[in-house]
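The next block holds one structure in the form of structure tokens; read it before the comments.
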Amino acid sequence: MALLGADTRVLYTLLIAGVAAQRLVELQLSQRHQRALEERGAVEVAPRQYRAMVLLHGAFLIACPLEVWWLRRPFRPVLAVAMAALLVAAQVLRYWAIATLGERWTTRIVCLPGVPLVSGGPYRFLRHPNYLAVAVEMAALPLLHGAWLTAAVFSAADAAVLAVRIREEESALARISGGAPAPAAGR
């Protein structure tokens, strides 16, 4: 299907490339934040689970356009508009969480001992707003162009990875901060 004279698969692939570029910028920001936190005494926890998360997200960004191209998934405008709205909402939530955490936001589980829990921004309403944003994106981004298989498989895999990650993060934060979790790792 053509949209504004262009093949929707091409436009979708460009969108995925844009999301991938955004993630690379976020990784650079995260690394800068992690270095600053470590200079203040922060420690990384559960680095093995991070590798699984990186592999999952990398494979996800490859699978989205592959399913659309190889399995010739149709572009459905009504579904695309709904999924685009969810993606925008997820982006707003993600960047609200990142802005609220500031230098304390990382993609890894990095704990700074003795720092109180952030209770402003989206943390007034949700314990892990960034993880919710990622879960929404895992479903909405592939469904934007009908890649339902990618949405199903990667949403399930993301739920498994996040279950482990949240458990590790909560345990480490409680241990390091003496029972009062401090924010870290994209919470």
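All of the numbers you see were taken from the coordinates with simple rules; none came from a lab. Quick caveat, the model's predicted, so the values are computed rather than measured. Cβ placement follows ideal geometry from the backbone for every residue including glycine, while neighbour counts extend to all protein chains displayed.
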Inset, instruction - Could you compute the FRET efficiency for residue 76 and residue 43, with r as their C-beta to C-beta distance and R0 at 41 Å, rounded to 0.05? - result: 0.30
Inset, instruction - Whole Å is fine, so just give me how far the alpha carbon centre of segment 1-80 lies from that of segment 151-167. - result: 15 Å
Inset, instruction - Would you mind computing, in nm to one decimal, how far apart the modelled labels at residue 163 and residue 117 are, each placed 7 Å from Cα along Cα→Cβ? - result: 2.3 nm
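Using DSSP H assignments, which helices in the chain have an axial alpha-carbon span of 24 Å or above and a mean Kyte-Doolittle hydropathy of -1.0 or higher? Display every interim value, and only then the final one.
Details: long enough: 8-39 (47 Å, 0.04); 47-70 (34 Å, 0.62); 77-101 (36 Å, 1.76); 148-176 (40 Å, 0.73).
Membrane-span-like by this criterion, though nothing is claimed about a membrane: 8-39, 47-70, 77-101, 148-176.
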Legend entry - Computed P(r) (all Cα pairs; segment 48-95; 5 Å bins; percent): 5, 17, 12, 22, 23, 13, 6, 1, 0
Inset, instruction - Go ahead and estimate [θ] at 222 nm for the chain from helices alone: -39,500 (n - 2.57) per DSSP H run with n ≥ 4, summed, over the residue count, rounded to 500. - result: -23500 deg cm²/dmol
Legend entry - Size of electric dipole in segment 2-176: Cβ of Lys, Arg +1 and of Asp, Glu -1, about Cα centre, debye, nearest 20: 80 debye
